[in-house]
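Take a look at the structure set out below.
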Amino acid sequence: MSVTRDAGRPQVWLDTLGDWSWPGTTPGASEMLPPSWIPTRPPGVEAVAGSAAAVAARQRRGAWRILLGVLLSAIAALATGIAVEGPARLERLAGLRSNPAPAPARFAAGPPPPPLPTLVSQSTDAAGSSIDSATYSSPELGRNGLFYVYLPPGFSTSTRRYPVLYLLPGNSQPAEAFLQIGVQGALDRLISSHRIAPMIAVMIHGGPGANNWHNVGRAHYENYVLEVQQLVDRMLPTIAARPARAIAGDSMGGYGAMNIALGNPFRFGVVESWLGFFNGLSSKLRADRGVFEQLGMRAYIYGAQDDTIADPSENAPFAAELRASGVTAHSAIVPGEHSLQTVEAHLTSMLAYAGRALASEVAAAQAGAARGATAPAAKLAAAGRPARAHAHS
């Protein structure tokens, strides 16, 4: 895969997706033969000889052989089921899913991801953080996709890996709306005061109208968000694992963030909704309750006191639903109307929660990896090593 990059900043951390093959292209199974201890023809009548102890020993050996045959058959059946159904089979056996998993997103089984776009520098502020942008041909949108990236102070000389906050704007808002209300300055101040650890923020440009960040017609907005997440993990030194990813948005973007986080429970460890709504999300929450009970998630729901578009009275009940499903969830009603000005007034608190929640999720996963407790934690530990190779998740 050819990659265009800024020669002044090493930013390509994965050039290929590795070797793989389509399911069903492996050689066919060899002929199944009976175990060697089964005779190929009926034995002849043998004279009874030997002591009673010898006869009993032969009977015990025969019983063990029968038991071994049954066990081997069961293992073969299980292996066949896993080969056909993949990870979903293991999830159901482990109790993570009570129902078969839905079909994977189209991009996961479709064409390879788009080539890596070039990050173009837009600005650098006095604190040393920078804003870059990237435009690329998105297979999921069927047109160009666009996102802006906040890179924290010291990024260009650092060897560390960073957690990432993805931001989705509201109805017909551009991605630059987050810059206009001061995301860059707020993150600078939070990082310089050590209230949060350095992080990357990705502001994704959406489409016109009330698409709610759904897959609509030929424009697959939900898949597009996941497409951008994959690109960012390949372009930048991220901690490429669930506990180190947060997603948030305002208004329609708040709904989109919650919808995408609940619909893709292995992608994000933190979610925030800023003046959003939750229509139809209870069913998604119930469908993956087992995942959240096992892996957890952190969520914060903000509502505006005088909001006449997204009813703030729905926030506390939905937060309670989240908690009942294993999510660490909070809600708050803040003064203001349904507007970016309300978000701007409380932006520092909103970003502070995301930063602290990411730090907690990463620390918990690393502690679990140190104990050898969980596969997701081990994957995070591998992704967090300084070596320039990441574990894609």
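Coordinate-derived values only; no laboratory data. Note that the structure is a prediction, hence the values are computed from the model and not measured. Every residue, glycine as well, gets a Cβ built from its backbone with ideal geometry; the counts of neighbours run over all protein chains shown.
Going by the alpha-carbon gyration tensor, a ≥ b ≥ c the square roots of its eigenvalues, is the range 118-383 rounded (a/c under 1.5) or, if a/c is not under 1.5, prolate (a/b greater than b/c) versus oblate?
Taking the square roots of the gyration eigenvalues as a ≥ b ≥ c, the range 118-383 is rounded.
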Apply 1/(1 + (r/R0)^6) to the Cβ-Cβ distance of Ser172 and Arg371, taking R0 = 45 Å, and write down the FRET efficiency to the nearest 0.05. 0.40
Amide H within-cut-off set for Thr118, under 5 Å, with H built and near neighbours excluded: Thr135
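Would you mind giving the average projected area, over all directions, of the Cα convex hull of the range 118-268 in nm² with one decimal?
For the Cα atoms of the range 118-268, the hull's average projected area reads 8.5 nm².
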Computed lengthening from Asn144 to Ser282, 0.36 nm per intervening residue step minus Cα-Cα distance: 46.4 nm
Place a point 7 Å from the Cα of Gln180 along the Cα-to-Cβ direction; which residues of the range 194-215 have their backbone N under 16 Å from it? 203-209
Quick one: if you stick a label point 7 Å off each Cα along the C-beta vector at Thr118 and Thr328, how many nm between them? 4.3
25 °C / 0.890 mPa s Stokes-Einstein diffusion coefficient of the range 131-202, Kirkwood radius on C-alpha pairs, µm²/s: 181
